[in-house]
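The values are calculated or read from the model by the stated rules, or taken from the named source; none is laboratory data. Treat the numbers as computed from the prediction; the structure is a model and nothing was measured. Note that we place each Cβ from the backbone using ideal geometry, even for glycine, and neighbour counts take in every protein chain shown.
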Amino acid sequence: MLEISQRDFEKLTGFIKTNYGLDLSQKKVLVESRLSNYIMDSGFNSFEEYLPTLYNDYMGSEIENLINRLTTNYTYFMREANHFEHLMHVFLPYAENHIKDHDICIWSAGCSFGNEPYNLEMCMDEYFGMKKYVWDLKILATDISYNALRAAKNGIYTEKSMAKIPARWREKYFKPYGKGLYQVKDEIRNKVEFRYHNLMDDIKFKRTFDLIVCRNVMIYFDEHTKSELCKRFYKATNNGGYLYIGHAESAPEDIPYQKQEPAIYRKEEAV
Ligand SMILES: C[S@@+](CC[C@H](N)C(=O)[O-])C[C@H]1O[C@@H](n2cnc3c(N)ncnc32)[C@H](O)[C@@H]1O
């Protein structure tokens, strides 16, 4: 494994934190282990030789490779089940009664391999049943890892990542795809739009959201980065809308939303 000097490590982690929010300052071994083979396969003998190529990468392809390797994309279906309980029993009944144009806007921010947005879509399909035909139930799903986004679009999963999916849903929403693999059926896949979005950037989507799901992403951000991100999320949330974060991560102290339950926040309804 290649070793990175302390000076190069601080410069590299500073660059990543400024541009992508990820705080890797305590993760020297992780950085070395995830990048060593890639650096050597690319023909460089050391971090010192490789890093100028990264910093002068105006096309963005080298940075894309780096981000693909340094992000942690761990995810699975039905992760943190009480969000799905809340969705079915609180959020969707609220949306059904209050969203008059029948267009529910959900954003899965930091969607990784797509399990999360597909899972949300399956819940909506289940909740609305035949009524789904009069609702617009598309989900926006974003990430900074192009590798994760590519896999997400294909929607092919191992049995292991589906272990918590109820048997009836496996039948209903997945089709076999070779040995031990399953693909999410087209009717669900077609409703999720995957796009690149860096959560450090301004939110410039045309629409605002009734629910933003950003789970297990802020865990890698410092307090200031989380605080600024939650302010941007708040502006992009409709009155009465919700934010779900991961149960293992703490919200910033100045989060503008009202806390409803652990890991569930709400923007107050306008009076
Ligand atoms: C651990 S996964 C969480 C996946 C899913 N939300 C869940 O809870 O299972 C974290 C994801 O956040 C993404 N991520 C990290 N920093 C990001 C940023 N600045 N902008 C957008 N996505 C980011 C990573 O690429 C990764 O796919």
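Here are some notes:
- Flag if GLY178 is in a helix (DSSP H, G or I), on the phi > 0 side of the Ramachandran plot and out of contact with any Gly (no Cβ under 6 Å at 6 or more places or on another chain): no
- Flag for GLU116 being away from the ligand (no atom under 16 Å from the Cβ) and in a helix (DSSP H, G or I): no
- Number of the condition not met by THR75 [criteria: (1) away from the ligand (no atom under 13 Å from the Cβ); (2) not assigned by TED's automatic domain parsing to the domain that holds PHE205; (3) not small (Gly, Ala, Ser)]: (1)
- In the set (1) in contact with an Asp or Glu (Cβ under 7 Å, 6 or more places away or on another chain); (2) surrounded by 14 or more Cβ atoms within 10 Å (Cβ to Cβ); (3) among the β-branched types (Val, Ile, Thr), THR72 fails one condition alone, (1).
- Within region 194-222, if we keep just the residues that are within 11 Å of the ligand (Cβ to nearest atom) and among the charged types (D, E, K, R), the residue that is surrounded by the most Cβ atoms within 10 Å (Cβ to Cβ) turns out to be ARG215.
- Sole residue being modelled with pLDDT of 95 or more and exposed (fewer than 14 other Cβ atoms within 10 Å of the Cβ), chosen from LYS132, LYS191, LYS164: LYS164
- Strands (runs of 3 or more DSSP E) within region 184-271 that include 1 or more residues within 19 Å of the chain's Cα centre (by Cα): 192-196, 209-214, 237-245, 264-266
- Of residues in region 167-187 being touching a strand residue (DSSP E or B) at 6+ places or on another chain (Cβ under 9 Å) and in contact (Cβ under 8 Å) with a residue 40 or more places away in the chain, the one surrounded by the most Cβ atoms within 10 Å (Cβ to Cβ): VAL184
- Residue that is farther than 30 Å from LYS226 by Cβ, among the charged types (D, E, K, R) and assigned by TED's automatic domain parsing to the domain that holds HIS197, where the choices are LYS164, LYS132: LYS132
- Cross-chain or 6+ apart pairs with Cβ under 6 Å, region 89-100 first and within 18 Å of GLY129 (Cβ to Cβ), then in a loop (DSSP other than H, G, I, E, B): ALA95/ILE104
- Here ILE104, ILE99 are screened, and the one residue that is crowded, with 19+ Cβ neighbours inside 10 Å and in the same structural domain as LYS235 (by TED's automatic domain parsing) is ILE104.
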